[in-house]
Every structure is written in structure tokens, then in C-alpha cells.
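Peer 1: Take a look at the following structure, please.
The values are calculated or read from the model by the stated rules, or taken from the named source; none is laboratory data. Not measured: the values here are computed from a predicted model. Ideal geometry is used to build each Cβ from the backbone, glycine not excepted, and the neighbour counts take in all protein chains shown.
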Amino acid sequence: MTSNMRAAQNRAARDRARIAILSHPKILLGVAILAFFGLLTVAQPVLEATIWSGQNRIYDPQFGFDHRIAHPSSPSFDHWLGTSSTGRDVFSMLAFATRPTLVVAVSAGATIAVISVLLGAVAAVREGWVDEVVSHFSDAMVLLPPLLAVYVLGIWRPSGDFGALQVGLSFGVLYGLGPATATVRAVAMTVVTRPFMDAARVAGGGDAWLVTRHVMPHLYAHAAVQAMIGATGAVIADAFLAYRSAIGESVGFGLMVYDGIVFSELMAGIADTPWWIMLAGASGITLLAAAFYLLGTGLREALDPRATSILH
Amino acid sequence: MTDGTASRAPRLPWFVAFLGRRFVWALITTLIFVAVILFVMEVWVPYSWATLGSRSPAAEEALRELLGLDRPLPIRYAEFLVGLAGGDLGTSLGGRPVAELLRDALPVTLTVFIVGTVIGWIVGELLGRLGSWNRSPAAGAGISVAGILSAAVFPPFLVFVLVATLREPLLAAREAIGLPTDSLELWRGAVIGQEGALSPTDVRWVVALSLSAAVVGALVARSYARRYGLRWIELLALPGALLGTALGLWLGGLGPHALDLLYRVDISVTTGRGSPALALIGIALISFGQVMLLMRAGMDAQRAEDYVLTGRAKGLSEHVVRDRHVARNAIAPVLAGSFLTFPTVLAGMMIVEYELEMHGLSSVLFSAVESQDTPVIMGILVVLGLIGIGFRLVTDIAIATIDPRRRYARR
């Protein structure tokens, strides 16, 4: 086979993979949800600067208050998703809270991908004691639920010190060292038994060469799956931290759920449950988390339908 | 070998070596895990009770010395491990042993965790198996949506919805069974300090331990049944273990007490929280999706194998191909994968338990975080890790029972 033919074949295989990814319904749905929230993030400051401007800052997500009506108010023409118990516009809060949540998801996902690919590839290529250390360590890290650890780490820190980026990074480190490394290492172990690894060794490839050129490319898809599933957890962890430390003018999906639950418990039997606040917050969390989960499982199905059994 | 040299040597049954290897694994994992927790608590956690409030640096130093927080980490690590071997998890900063704090809380969490995940497993496995075989787009989409919602739901909101919708039916059920409306009537003996009277903690421990034993037994029995084709045992082992434990408790005279704990509503009557029955439903809802998606993916991966075609060609009915051939091959990876979902399910479970104001590990953990009681936080995280190790051992044994190749695997 000439090298030209091989290059053409490789290109065809890449094109097939690209089509499989781009036409997978789960991936399309996940991208659509993310695009919707991305639009919200962009729309919030624009709306505040144009349609919502000059009305005593009623629509400010942190300090807004509409003097004309009692709060919490149900969805209306003025307030598309109603107002919270402290009179803030729920739609504005929802749009405002999207950006930090995306920061959490992206930083957690990136950390998970980097850690799991590096550790998994190195463990598989070096084998021996390196692999023993990596696999035992990841087995132990699986036992520490990242959500609880992030909560324990973050709850007493001022939110300025432990913001979206820090939540995402610490969740990513904990999840990345645990389930993600365990999974990616298992895939890497099947990669190093393939014949091309022997060929690369015989051709004189060193460990670093083998890791970066021959093992890591086979792990990217699996690491991406882990990154997405980890991002799901990070979004929920961030919301839980906001839910438990809900104070002052902070804005977050978790805080919106908290606001609704606390109000309905305080006013049980007196006022109706403000479902719109809780639903806005909870669906913000669930839709964003689900978008990452859809991307993860969709990617797995599109790229490697037969590998599903060893991944989770 | 036919010359007999190998067969004459006495051979241990496979599970001796297997259990030995798994035990060594558990030991090493515990050592690493405790080191990780100690590191996180000491280096990463920014607070400690000793630094709480506005003490002068000298007073803080004295307090740290008194509590033993100033000594080098390796020594404290060794001390913690020695204590752990003897069931001692350290001392809370309030002066009570951590193990004593956990004695009342552990059985609550254990019971809820075991029953909730077993129900989640039964439902998830069934739906995953049927969903993989049913090729209609509606069923596939329904299963995907349910699985993803189960993984992405915000637990506090789930609890709120459960309480809002299920509190009244549960109270009605309690009345229908004939339990006294006031839980105190059942526990009067323990409250007035009568000798030999049943206390809630006793009953919780009996329930938790008998449930653990029954479920572990059922899992192993089920794997054997799967291997040797005993279809009915395979189907009924897990539900049977739950029902059998319930029946045993009832015959043992603990029925009303155990039921009362299940339907308990006395903790917060106005909000309707504190009911383990709701927690079971919540945890089952959080855990079933992961198992379902794993099971469907495992079945889908097996569907393309040649033996499926062979089975159909020799005239086996579809459900025999599905249940006896494909499902049996798909289950081992699903069991292995389910361990990796452990942290997610456990965290969800702790939140559900806390939101329901149950007096389990989560309430001890969250109040320890509030009072910055680092030894208690550490003790609970270690206990959660030990539960995880037990969970892993049980799944490993189940996998080895199904798949002989795993019995001799190094890991």
C-alpha cells in the first residue's frame, strides 16, 4: 500500500468519525442546550443595557426590586419567570447564573481530561510499579465523593476565594484522579497490547514517544466522555454549595432552589409554593448537567460503540 | 497434565487465593485512602476548630498543642491507623469519641443505602435489559431521558418534590397498617429507661446488619444461579432478600418497631421530613439511572456477537437469547462499572438523607462542617470509604462467581 493510499484512507476514516459525531442525536441535543444557555449568558447584559435599562434597575439580578407588586410574584408579562422572595427577577437571575456554571463545568472537564489522559497513558506504558501506584491511588480516590469533598473544602471560604473556577478545578482534580483515571487507564491497558505498540518499540520509540504519539491519541475520546460526566457532577456540586451557603446578593441556580424551598416552608399553609423559582433553578442545573451528560454519552456511542461495556 | 505431578499437589479452592488477593487490595486501598483524607483535611481544608473565632495566636498555639494538632503528619497518620484497627476513629473536638457519634447514625445510613441501591439496581437492570431489546424509538428515548434526568437531578429539589407529593399517602399508609399515630407509644420502654426495652438504635442495627447479610448473600447466590442457569433463583434473589428480611424481622417481634422507623414522621411534623421511606424512593431514583444506562450499553455491546445469531438460528425464543445469553454476558462489566458510579450515588444519597432531616451520617457530617469539627469530618469520610471498599469487595466476588476468568486475574 502506498503512503498516498494510506493517507487517503485515514482521511476517509476521520471524515466518517466527524460525520458520526456531528449527526448523533444526543450530541446535537447537548450542543443545542449549551447554545441556548450561551445565548442567555450573552443576552442578559444586553437586555439590561437596552430594554431593561432606566427602570430603577428592577431587573438587576443582584439588587433588583419591583416596587409595584408583592413578592414572590408568579410569571407575568413584566417578569417572564416571576420574581424571587426578595423581589429579584427570576429570568435575569437565571441568565446571570449561567456564566459561572459554565465556568465550573469547563474548568472541571478540562482538569479531568488532562489528568486522566496523562496518568492513564503513563501507567499503561510504564506498567510495573508505576501502574500499581496509579491504579491503587485511583481506586482509593474513587472512594472519596468529590461533591462532599468540594462542599467540605468550600463552605467556609468567602465566595471570592472559592468561586466558580476553584470549585471546578478542585472537583476536576478529585474526580480526575478517581473514576476518570480508573476508566481511562483500563482503556489504555487494552491499547498497549495492540501490535502497533510492539512495532513502535522495535522502531526505537522511547517511553515519552510511545505515551504521546501512540497511546494518548487513543484515549482522547474516552477522556472526553469522562470530562463530560465529571462536568455533570461539578455543576451539581457547585449548585449544592450555593444552596448551602446562600447569602446576600449572590446569584446561583442552587440559591434559587433554596429561596423557593425556604419560602414555602416558612409560609406553609399561608402562601402558595413559589414553584417558578425552584423550577427555574432546578431546570437550570438539570438542563446544563444533562447537556454535558448527553455530550459524553453521545461521544462514546458515536466514536466507539463497542467500547461501551468497559466504560460507564 | 496427564503424568499427575500437577494433579497430585493439593490445590486450594480458587476463592481462598482470590479472597486473599482482594483482602490485600482492600488493606492497601485503606492505607492510601486514609492518607489522602488526612492530607485533604490538614492541607486543603482552610479551617479547624482550633482556629475558629478570635483567639490570640498564643491561645491558638496552646489549643493546637492540647488537641495534638501540632505533631507531624506521619505520626498522626500512624496513630489514626492504629486506632482504626481497633475501631477508634479519633476524638471529636467536643471531647466525645467519633465512633460513639456514629453509632446511632451509621445503621440509618447503611439501611437506606443498601435498600435504596438494591431497589435502584433491580429497576435499573430490568429497564436496561428490556430497553436494549426494545428497538422502538419511543422506548429508547424514554430510557435515555429517564437515565439522564436521574444523573442530572438536583437532589434537594428532588426531595422537595417527593415530600410535597408523597407525604400524605405515606401517612395514610401508616394509619392503614395500624401503627399507633404517636411513635412514642412503641418506644415507651426505652424512653423511661426500662431494663431490656428496645431502643431505636438497637432496632436500627438489627435491621441494618440483617439487611446487609441478606443482600450480600443474595448477590452471590444470584451470580451462582446466573452461572448454572437457575432462572428463578436469579430473578427472585434480591427481592427475596428484602422481603425475607422484612418477614424475619416481623416474626422476630420487631415488625412494628422497624416499620415505625420506616414511616417515622415525628422529627418534623410540619415539613413532613424525616421519613426513611421517602429517602429510599429518592435514592432509588438517583441510582437506577446509572445502572440502567450501564446495563443497556452492556447489552447493546453484546448484541452484535455471533452467539446471538447462533441462538436465534437454532430456534431459541427471543427472551431466552436476551435473558440467558446476552444479559449473562453483559452483567460482569456492568457490575464493575457500577463501582465507579459509587461516589456520585453516595453523594446524592447523603444530600437526600440530610434534606429529609434523618439522623444518619449526613446530619453528623454537615453539623460537623458547621462547627468546623475536623476530626468528625475525617472520621465520617473514612467510614464512607470503608463502606465503598465493602461495596467493591461484594461486586468483585459477584463478578468472580459469574466469570471464572476473573478468579485468577491479578487485579
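Peer 1: Taking B:Thr117 as the residue in question, decide whether it is of a type in the set (S, T, N, Q), buried (at least 23 other Cβ atoms within 10 Å of the Cβ), assigned to a helix (DSSP H, G or I) and in the same structural domain as B:Met350 (by TED's automatic domain parsing). Write out each step before concluding.
Peer 2: Working: of a type in the set (S, T, N, Q): yes; buried (at least 23 other Cβ atoms within 10 Å of the Cβ): yes; assigned to a helix (DSSP H, G or I): yes; in the same structural domain as B:Met350 (by TED's automatic domain parsing): yes.
Judged against the criteria, B:Thr117 is a match.
Peer 1: Filter the stretch A:132-169 down to residues that are more than 8 Å from every other protein chain (Cβ to nearest Cβ), over 17 Å from A:Gly252 (Cα atoms) and either of a type in the set (A, V, I, L, M, F, W, C) or surrounded by 19 or more Cβ atoms within 10 Å (Cβ to Cβ) (or both), then give me how many there are. Walk me through how you get there before you give the answer.
Peer 2: Looking only at the stretch A:132-169, we keep the residues that are more than 8 Å from every other protein chain (Cβ to nearest Cβ), and these are A:132-134, A:138, A:150, A:154, A:158-169.
Filter again for over 17 Å from A:Gly252 (Cα atoms), leaving A:132-134, A:138, A:169.
Checking the rest, the ones that are also either of a type in the set (A, V, I, L, M, F, W, C) or surrounded by 19 or more Cβ atoms within 10 Å (Cβ to Cβ) (or both) come to A:133-134, A:138, A:169.
Number satisfying all stated conditions: 4.
Peer 1: Find the residue count for the stretch B:365-378, including only residues that are in contact (Cβ under 8 Å) with a residue 60 or more places away in the chain and either within 19 Å of B:Val108 (Cβ to Cβ) or of a type in the set (Ser, Thr, Tyr) (or both).
Peer 2: Selection size over the stretch B:365-378: 5.
Peer 1: Step by step: first the residues of the stretch A:159-186, then only those that are modelled with pLDDT of 90 or more and aromatic (Phe, Trp, Tyr), then the one that is nearest to A:Pro100 (Cα to Cα). Which residue is that?
Peer 2: Step by step, filter the stretch A:159-186, then rank; the result is A:Phe171.
Peer 1: Just one of B:Leu110, B:Leu126 is surrounded by fewer than 23 Cβ atoms within 10 Å (Cβ to Cβ), assigned by TED's automatic domain parsing to the domain that holds B:Leu242, in contact with a helix residue (DSSP H, G or I) (Cβ under 7 Å, 6 or more places away or on another chain) and not in a loop (DSSP other than H, G, I, E, B); which is it?
Peer 2: Of B:Leu110, B:Leu126, the one residue that is surrounded by fewer than 23 Cβ atoms within 10 Å (Cβ to Cβ), assigned by TED's automatic domain parsing to the domain that holds B:Leu242, in contact with a helix residue (DSSP H, G or I) (Cβ under 7 Å, 6 or more places away or on another chain) and not in a loop (DSSP other than H, G, I, E, B) is B:Leu110.
Peer 1: Need the failing condition index for A:Thr181 against (1) in a helix (DSSP H, G or I); (2) of a type in the set (S, T, N, Q); (3) surrounded by fewer than 24 Cβ atoms within 10 Å (Cβ to Cβ), just the number.
Peer 2: So A:Thr181 meets the others, but not (3).
Residues are listed down the side, and each one gets a yes or a no for (1) more than 12 Å from every other protein chain (Cβ to nearest Cβ); (2) under 26 Å from B:Phe157 (Cα atoms); (3) of a type outside the set (Phe, Trp, Tyr); (4) in contact (Cβ under 8 Å) with a residue 60 or more places away in the chain:
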residue: B:Glu305; (1), (2), (3), (4): no, no, yes, no
residue: B:Thr310; (1), (2), (3), (4): yes, no, yes, no
residue: B:Lys314; (1), (2), (3), (4): yes, no, yes, no
residue: B:Arg324; (1), (2), (3), (4): yes, no, yes, yes
residue: B:Val345; (1), (2), (3), (4): no, yes, yes, yes
residue: B:Ser363; (1), (2), (3), (4): yes, yes, yes, yes
residue: B:Leu384; (1), (2), (3), (4): no, yes, yes, no
residue: B:Asp396; (1), (2), (3), (4): no, no, yes, yes
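Peer 1: Within the stretch A:256-282, which residues are within 9 Å of chain B (Cβ to nearest Cβ) and either of a type in the set (S, T, N, Q) or assigned to a helix (DSSP H, G or I) (or both)?
Peer 2: Once the filter is applied, which keeps residues that are within 9 Å of chain B (Cβ to nearest Cβ) and either of a type in the set (S, T, N, Q) or assigned to a helix (DSSP H, G or I) (or both), the stretch A:256-282 yields A:Val257, A:Tyr258, A:Gly260, A:Ile261, A:Ser264, A:Glu265, A:Thr273, A:Met278, A:Leu279, A:Gly281, A:Ala282.
Peer 1: May I ask you to say which residue of A:Leu210, A:Leu294, A:Leu287 is crowded, with 23+ Cβ neighbours inside 10 Å and either at pLDDT below 75 or part of a helix (DSSP H, G or I) (or both)?
Peer 2: Every option except A:Leu294 fails the conditions.
Peer 1: Could I ask something else about it? Can you list residue pairs whose Cβ atoms sit under 9 Å apart, with the first residue in the stretch A:213-232 being more than 13 Å from A:Gly168 (Cα to Cα) and the second being assigned to a helix (DSSP H, G or I) and among the charged types (D, E, K, R)? Count only pairs 6 or more apart in sequence or on different chains.
Peer 2: Within 9 Å, the pairs are A:Ala221/A:Arg300; A:His222/A:Arg300; A:Ala224/A:Arg300; A:Val225/A:Arg300.
Peer 1: Scan the stretch A:193-203 and tell me whether some residue there is polar (S, T, N, Q) and not in a helix (DSSP H, G or I).
Peer 2: Yes: one or more hits.
Peer 1: Could you list, in sequence order, all residues of the stretch B:328-346 that are more than 30 Å from B:Ser362 (Cα to Cα) and not charged (D, E, K, R)? Working first, answer last.
Peer 2: Step one: of the stretch B:328-346, the residues more than 30 Å from B:Ser362 (Cα to Cα) are B:328-333.
Across the stretch B:328-346, the qualifying residues are B:Asn329, B:Ala330, B:Ile331, B:Ala332, B:Pro333.
Peer 1: List the helices (runs of 4 or more DSSP H) that sit entirely inside the stretch B:294-411 and contain at least 3 residues that are modelled with pLDDT of 85 or more.
Peer 2: B:306-313, B:342-355, B:361-370, B:374-402
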